[in-house]
Structures are given as C-alpha cells and as structure tokens.
Amino acid sequence: MRYVNLGTTGVQVSELCLGTMTFGKEADRQTSRAIYRCCREAGINFFDCANVYSSGEAERILGDLVTGERHQLILTTKVGGSMGSGPNREGLSRRHILQECEEGLRRLNTDWIDIYFAHRFDALVPIEESLHAFDMLVKQGKVRYIGVSNWAAWQIAGALGVCALRGFQPIRVIQPMYNLVKRQAEVELIPLVRWEPIDYVPWEVLDYPDESRTHSLFK
C-alpha cells in the first residue's frame, strides 16, 4: 500500500479509503469485521464513516473494530443528515454539530475525529455559525481537521472566505462524488482544490450505475 499526504495537513493516509456505509446494513458485524481485517492486512489506515450510516450503527461497529489500534488510523465521520424524527435532529446549527460530535465520539469509541465533515450544505443556518462550531471543536481537541461533503464549489469558496475573515480553522478536505460516469467535479471542484490548499477524497468512485441512470445521464 502506498501512502500520500492529505493535502497540506502533513497527515499520511493510504491511497485507498474504506467507506463504511454498508456497516450495520448490508454488512452485519461479522462481515464488517472481515472487511475491516482485509483492509488492515492490505495496509489501509483510512476509514470513512457518517452518523447517518445505519442510524449510528456503522460508527458503533467501526468504533469496536479500531479498539487497540486507534492511533494508527485516520477516521472520518460526518454531521448534517437526519438522525431521527422530530425537531433539531439534522442540519448544521451549532447545537446539532456540537451534540452530534459528542455522540459520534461515543459511538466511535475515540477521543478525537481526524476529519469531521459537514455532510451537506445547510441553507437555513448562517454559514458563520456552522464554521464557528467546527472551529470550536478543533480548538477543544475533539476534531483535527474540517471537511465538507457534497458542497458546490461556490459554497466552499464562500466558506473559505468566511474562515479567513473570522480566523476560523479552514476547510482542509472536500468529499465530492466522482467516477467515470459522474464527472461534474472536474468542472469546478477539482480546479478549486488545485488553487486552494485543500485536498479532495472522492466517494462512489467504483459506482456502476444501472441502465436507467446511465440513460438519464446521457439523454
């Protein structure tokens, strides 16, 4: 396995990152453990998760698996998606970000999250409030670096400007969808990361869309 620098963070990660969206869903605990062990034997040290994966169960499974070797690993998780019915269970308000970080730390059985992603853009919350909450978590030592997932280039550029103006911890990693069929990231997102000191970790790179999706993309 080859290892590369994650942007300008100085952190070295395996070229392959395992996404754990199937943990607790298509992959039960036994299967998840087998997948994890294969990855570790191959030298993978980079694991991506989210609070919404299996309603928190993916984080719990991953947290159990990393016991005893947490310091060797780079773990990510995400906040923003719905964590249940009722008010204040989703979004990027300061309240929700801070609350879900605490819950995520408990589920992952760790004292810190290496990269904490905003899973989606939240137009209902001033971006300054969301970025301030992430900045607080970095200063508290609960998060090492900030990332965003599924944001448009203009949203990321605006956030970078706010971080620079307010002195917040900047966004260091973005996570767009990118594969041979879905190549929109090449238009604005990849040029953005070549200009700014941030890196990108694409998701669904091995996706093979069904015929109906392919047809809808090319018609």
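So which residues in the stretch 123-145 are under 17 Å from Arg172 (Cα atoms) and among the β-branched types (Val, Ile, Thr), if there are any at all?
Ile127, Val138, Val143
In the stretch 165-185, which residues are loosely packed, with under 15 Cβ neighbours inside 10 Å and within 13 Å of Ile127 (Cβ to Cβ)?
Leu165, Arg166
Look through Ile44, Ile35 and report the one residue that is aliphatic (A, V, I, L, M), free of Cβ contacts under 8 Å to residues at least 24 places away in the same chain and surrounded by 14 or more Cβ atoms within 10 Å (Cβ to Cβ).
Exactly one residue qualifies, and that residue is Ile35.
Among the listed residues Glu100, Glu129, identify the single one that is farther than 24 Å from Val201 by Cβ and either among the aliphatic types (A, V, I, L, M) or touching a residue at least 12 places away in the same chain (Cβ under 8 Å) (or both).
That would be Glu129, the only listed residue that is farther than 24 Å from Val201 by Cβ and either among the aliphatic types (A, V, I, L, M) or touching a residue at least 12 places away in the same chain (Cβ under 8 Å) (or both).
Within the stretch 157-188, take every residue that is modelled with pLDDT under 95 and assigned to a helix (DSSP H, G or I) and give me the one that is nearest to Glu128 (Cα to Cα).
Within the stretch 157-188, the match that is nearest to Glu128 (Cα to Cα) is Ala185.
Out of the residues in the stretch 143-156 that are over 14 Å from the mean Cα position of the chain (by Cα) and closer than 15 Å to Leu131 by Cα, which is surrounded by the fewest Cβ atoms within 10 Å (Cβ to Cβ)?
Per the criteria, the residue is Gln155.
Let me confirm something: among Glu59, Glu69, Glu26, Glu41, which residue is among the charged types (D, E, K, R) and touching a Leu at 6+ places or on another chain (Cβ under 7 Å)?
From the options Glu59, Glu69, Glu26, Glu41, the qualifying one is Glu59.
Of the numbered conditions (1) assigned to a loop (DSSP other than H, G, I, E, B); (2) at pLDDT 95 or above; (3) surrounded by fewer than 18 Cβ atoms within 10 Å (Cβ to Cβ), Glu102 fails exactly one; give the number of that condition.
Going through the list (1) assigned to a loop (DSSP other than H, G, I, E, B); (2) at pLDDT 95 or above; (3) surrounded by fewer than 18 Cβ atoms within 10 Å (Cβ to Cβ), Glu102 breaks only (1).
Any chance the stretch 11-23 includes a residue that's at pLDDT 95 or above and either of a type in the set (Phe, Trp, Tyr) or in contact with a Gly (Cβ under 8 Å, 6 or more places away or on another chain) (or both)?
Within the stretch 11-23, one or more residues are at pLDDT 95 or above and either of a type in the set (Phe, Trp, Tyr) or in contact with a Gly (Cβ under 8 Å, 6 or more places away or on another chain) (or both).
Filter the stretch 189-219 down to the residues that are at pLDDT below 90 and among the acidic types (Asp, Glu), then identify the one that is surrounded by the most Cβ atoms within 10 Å (Cβ to Cβ).
Within the stretch 189-219, the match that is surrounded by the most Cβ atoms within 10 Å (Cβ to Cβ) is Glu204.
From the set of residues in the stretch 75-90 that are in contact (Cβ under 8 Å) with a residue 12 or more places away in the chain and surrounded by fewer than 21 Cβ atoms within 10 Å (Cβ to Cβ), which is farthest from the chain's Cα centre (by Cα)?
Gly84
The values are calculated or read from the model by the stated rules, or taken from the named source; none is laboratory data. None of the values given here were measured: they were computed from a predicted structure. Glycine also receives a Cβ, built like all others from the backbone with ideal geometry; neighbour counts cover every protein chain displayed.
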